[in-house]
Amino acid sequence: MGSVYRARDLHFPNVVKLVAVKEMINSAPDPLVRKTIVQNFEREANMLATLNHPAIPRIYDYFTQDDRSYLVLEFIHGKDLDTVIADANGFLPEDQVISWAIQLCDVVSYLHAHKPDPVIFRDMKPSNVMINHNGDVVLVDFGIAKTFQSGQKGTMIGTEGYSPPEQYRGEASPLADIYSLGATLHHAITRRDPRLEPPFSFAERPVRRINMNVSNEFEAVINVALQYAPSDRFPTADAMKEALMNVARKTGALSKISAALPVASGGGSGIKPLWSFKCEDEIRGTPTPHQGMLFIGCYDNNLYALNAADGQFQWKYATEGGIVTRPIVYDNNVIFGSEDKRLHVVGVRAGKVVWTYYTDGKIYSSPRIADGYIFFGSDDQDLHAVNVNSGRAIWKYSTDAPIHSSPLVANELIYFGNEVGGFHAVDFRGQLKWRFQSKRAVTSSPVNRGQAVYFSSVDGYLYALDAGNGWPIWKFRLGKGSVSSPVLADDFIFVGAADGFIYCVDARNAKEVWRFRTENQVSCSPVIYKDSIYCGSVDGNLYCLEYRTGRLRWKFESQAAIAGSPVVFDDIVYFGSTDHHVYALFA
Amino acid sequence: MADFFKKLFEKKTKAKEQPAQQKPVDLAVTAPLSDQQINSILMNQYLKNEMKQLIASVGQSVGKQREHNEDSLLALTTTISGGADNIPFGLYIVADGMGGHQFGEVASNAAVRIMGGNITKKFHSYLYNLPTQILQESLQEVMETSVMEAHQYVQREAPGSGTTVTAALVLGQQVTIAHVGDSRAYSIFPDGRIDPITRDHSLVKRLEELGHLSKDEVANFPHRNVLIRALGQGEALEADVFTVPFPQGGYLMLCSDGLWGVVSDKDIHRFVAEAPSLPRACQNMVEAANAAGGPDNITVILVQMIG
């Protein structure tokens, strides 16, 4: 067999980048067998390199030297589940195990869906499941090592105690992974090590006889996974995941998970920002990263340009009012509106003014660019269309109230709300296509997917309208009104509300998937990056949640309310707080 | 610094554009098209000239082994043109009743009429009033309340009976579905895909989802017709209500288990794709189900959006 080394990647001399190097010794005496083993290793390494999942370590490199082969992969900070079980005082909480189980089903399902051939993990057991510093699972020790185990008869792989009966006959199928997953969960929730018991004796050790605190429902899921006959188990990892999600919904685990979990070590107030930058007043806007720079407006009337890597001040541009709009970069110019009623266009490099455009009201609506026009709303109740090069007005569309909502341009229409709840769809010539009336202000900015457009309203609903004609498809009741702009990922839509919750709703049928409680209003608009959702709250925290379950990954506490939205770029989260600071954190 | 970026950026975009323009033509390889593909392309071109509209056709048969028809259907297609808007509106419902003393007929018939009446009443002012008005109620709420009304009626007037109901409300490009039981809605695409939109509320499906039955066992399960949810049954009824886009360039199909349980997906797709018209496609599917024994009542609605 071989060893795993912790190593440092010297391609990056200025930072400490740790990697794991797995060494495998080729001890086969026959040269032809040795050659086959190396070829198998290289084939597997190439296959692994194509996998891309948060619960699978990334492969950076592989090589063979003499009788040893090496695999260079992502270093996982954390403990393996075997150690977690052994170190725990008493039983692990059910909610915690369910949450890991859901993640394991997720990654196993990903592997089984691999094309052209499904990847069978073959060796699911607690010691191959790492719990990383975020409390998430990562699968380690892929079947790759198996090619080096010569001398064993046939294709006996997997670990006794966790392997299903058919694996002892040399069959490796997706259903074998389901069984091993069941065995792993059985071990985790009962603390009875199956390696110390006769094979396939799980039925003689019912979960609830050992651990009374486990729900009937969760026991039932484990039992189905552990059925002797493969056809009696869950047909797929997805089916098992769904069963687990149902258990989690019933037992309330989904909402409890975040509370029950010790927040990521290094979480809580332990998270150190990469850098922070102090302005002279509150920040309520959203930053924009662009080619190594970060632009953000502030209530001290300035637009700041910072170095995105270290927060170094580059330049600032003074307007005559507070800036909450999100700047947009176009053709080496930064474009943004201000409470001084003007749209400002300044050069990216030095912050020199290019042109300004006057409206008759304060500007809270962020500009959007499409087809050579800039679209934005103003407190003068108009939606303005301005030529992006000349700054000349093309047309204005007048409504009956100030416009704080930032327009969405999609399907050749411009969608926006106003402060009396009118939601408008206007075409590129400034003609109204349709209007929908909600009961209170629509301050949030719409998002769309396909033929539907989504937004929240101060009337306490999240709306889905037909983008073509404004028909309401569904309404979802929030606890209180919302000015938070929704965001979409997979089939889910996410939004914050004044009741302090961040909601996740199924975009097809308006059913709630999860909700996460913060300590105060959520006026921030969430953003999705990889498998996380980032959202600030008036309670002063920036939250990072796993977006499929709403489980808290970490939170970062600023000194005052966070009203603006974060932006994530290149694994770094940038956001401003009313404590006057701009922060950069590792995502 | 910014100039430097600018230079870098400009070069890149140029480099990207040029090869695209000079792409040699003779590298392109195309497979010959089948007659069917050519026909469907020609058909689509022809349809492009039409006004945007829904067309629908239906088929129904008592089958070969039952005495009563306990299936009901409703198909309502409306096209109004003349204002600025011309939004196609269609309502399609299939219900498959069950219960003794002919109450199955009563239940399915009541379900389609009450739901149909309720939904059209809600849309009356939009369709026939001037100026037209958009509903405040959402499409999914309209569907939910209509299912509940039908549910209460069946409980009151035909106690002990029940019915499946699969209803599709088409408005513009959206299809809003309300579904209880094991009748089905499908999206049928020209490229051969036939995707079920609904999920059966049946014992066999439930066991399959729970992993208690293998594929073979599902096919031979003795209680295939046992429902776990039906309109008219139980106190609280939860219908599946959701919205999907109308299948682009394809068909929406609603049917009872007298069709989908007897005729394979592949054959259904073939009948739909090869028939010269929607009525013929419906007729062929019903005939195929009868030819395969016609064990149950057969109902099908086929909808296409053209233009």
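Where a number appears in this text, it was derived from the coordinates with a stated rule and is not lab data. Just so it is clear, the model here is predicted, and its values are computed rather than measured. Positions of Cβ are backbone-derived with ideal geometry, glycine not excepted, and every protein chain shown enters the neighbour counts.
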**Report entry** Label-to-label distance, nm, for residues given as A:Trp395 and A:Glu74 (7 Å Cα→Cβ offset)
**Finding:** 4.9 nm
Requested in this report: Quick one: angle between helix A:94-112 and the longest Cα principal axis of chain A, in degrees between 0 and 90, rounded to 10, please.
Outcome: 90 degrees
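Restricting things to Cα coordinates, could you compute the convex hull volume per residue of the stretch A:4-74 in Å³? Working shown, then result.
On the way: hull volume 6.6 nm³, N = 71.
Here the figure is 94 Å³ per residue.
Give the average, rounded to an integer, of partner chain Cβ atoms located within 10 angstrom of each Cβ in B:137-143. Before the final figure, lay out each step's value.
On the way: counts 2, 11, 7, 9, 5, 1, 1.
Whole-number average of other-chain Cβ neighbours for B:137-143 is 5.
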Query raised in the report: Ranking A:Tyr415, A:Tyr304 by Cβ neighbours within 10 Å, fewest first, what do you get?
Result: A:Tyr304, A:Tyr415
Query - Overall dimensions of the stretch A:333-470 by Cα: Rg and Dmax, Å - result: 14.5, 45
Query raised in the report: Roughly how tilted is helix A:31-49, in degrees to the nearest 10 and between 0 and 90, from the longest Cα axis of chain A?
Result: 30 degrees
**Report entry** Cα centre as origin, Lys/Arg/Asp/Glu Cβ charges: chain A dipole, Debye
**Finding:** 320 debye
Requested in this report: Could you line up A:Phe91, A:Phe277, A:Phe295 from fewest to most neighbouring Cβ atoms inside 10 Å?
Outcome: A:Phe91, A:Phe277, A:Phe295
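Determine, for A:Val447, A:Val221, the number of other Cβ atoms within 10 Å of each Cβ, and report the residues in order from fewest to most.
On the way: A:Val447 19, A:Val221 24.
Ranking A:Val447, A:Val221 by Cβ neighbours within 10 Å, fewest first, gives A:Val447, A:Val221.
Which order do the peptides A:105-112, A:496-503, A:83-90 take when ranked by the mean count of other beta-carbon atoms within 10 Å per residue, highest first?
Details: A:105-112: 20.9, A:496-503: 23.1, A:83-90: 12.5.
In descending order of packing, they fall as A:496-503, A:105-112, A:83-90.
In deg cm²/dmol and to the nearest 500, what is the mean residue ellipticity at 222 nm of chain A if only DSSP H runs of at least 4 residues count, each as -39500 (n - 2.57), divided by the residue total? Don't skip to the end; give the middle numbers.
Numbers: 8 runs with 99 residues, N = 587.
The per-residue figure over chain A is -5500 deg cm²/dmol.
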Query raised in the report: What is the magnitude of the charge dipole of the stretch B:77-207 about its Cα centre, with +1 placed on the Cβ of each Lys and Arg, -1 on the Cβ of each Asp and Glu, and no other charges, expressed in debye to the nearest 20?
Result: 100 debye
Report summary line: Once both label points are put 7 Å beyond Cα along the C-beta direction, the A:Glu320-B:Leu207 separation in nm becomes 7.9 nm
Requested in this report: Determine the shielding of peptide A:469-482 by partner chains: average, over its residues, the number of Cβ atoms on other chains within 10 angstrom of each Cβ.
Outcome: 4
Requested in this report: Positive end of the charge dipole of the stretch A:4-74 (Lys, Arg +1 and Asp, Glu -1 on Cβ, about the Cα centre): tell me which of A:Ile56, A:Ser27, A:Ala45 has its Cα farthest that way.
Outcome: A:Ile56
Report task. Quick one: angle between helix A:174-190 and the longest Cα principal axis of chain A, in degrees between 0 and 90, rounded to 10, please. Result -> 90 degrees
Query raised in the report: Does a label point 7 Å from the Cα of A:Glu519, set along Cα-to-beta-carbon, have any residues of the stretch A:560-587 with amide nitrogen under 14 Å, and which are they?
Result: A:560-562
Query - Label-point separation in nm, A:Asn387 to A:Asp570, each point 7 Å along Cα→Cβ - result: 3.6 nm
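Residue by residue through B:174-182, how many Cβ atoms from other chains fall within 10 Å of the Cβ on average?
On the way: counts 11, 0, 5, 2, 0, 0, 0, 0, 0.
Counting other chains' Cβ atoms within 10 Å and averaging over B:174-182 gives 2.
Per-residue counts of other Cβ atoms within 10 Å, averaged by peptide: what ranking do you get for B:290-297, A:114-121, highest first?
Ranked by mean Cβ neighbours within 10 Å, highest first: B:290-297, A:114-121.
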Query raised in the report: Computed over the Cα atoms of chain A, what is the ratio Rg over Rh, Rh following Kirkwood?
Result: 1.04
